[in-house]
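Some notes on the structure that comes next.
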Amino acid sequence: MQSSRAGFSLMTILGVLCIVGGPALEFLNLVTVGDDERDAKTIPEIRALALMTVIAGVGFLVGAVAMKLGSAPAPRPAAPPFVPPQQQGYGQPQ
């Protein structure tokens, strides 16, 4: 069934944010490699998180396209034209 515009927009926005956010997270990971406070185990973990974020973004975009390409809803039958009720007479005048 075809989705609403809001659902399609939400999936598209989330997909783009994930695809942009993954490389941004990896960039921040590379910039802060030299910090003394960082544990050596966190570097590959953040790299894996960045990769999963990009994969999720692609999934969101595929979901948005699938929502848009879904089958259209069945057409509703047209309503019959409005006909005002006829007044009933009280009989023939004599």
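The values are calculated or read from the model by the stated rules, or taken from the named source; none is laboratory data. Values in this document were obtained by computation on a predicted structure and should not be read as measured data. Note that we place each Cβ from the backbone using ideal geometry, even for glycine, and neighbour counts take in every protein chain shown.
Taking the range 1-53 as the range and being closer than 30 Å to residue 75 by Cβ and of a type in the set (Val, Ile, Thr) as the test, only 12 passes.
One residue stands out among those in the range 29-74 that are among the basic types (Lys, Arg) and assigned to a helix (DSSP H, G or I): the one that is modelled with the lowest pLDDT, which is 68.
Checked against the criterion of being without any contact (Cβ under 8 Å) to a residue 12 or more places away in the chain and either under 30 Å from residue 27 (Cβ atoms) or loosely packed, with under 13 Cβ neighbours inside 10 Å (or both), the candidates 51, 61, 69 yield just one match: 69.
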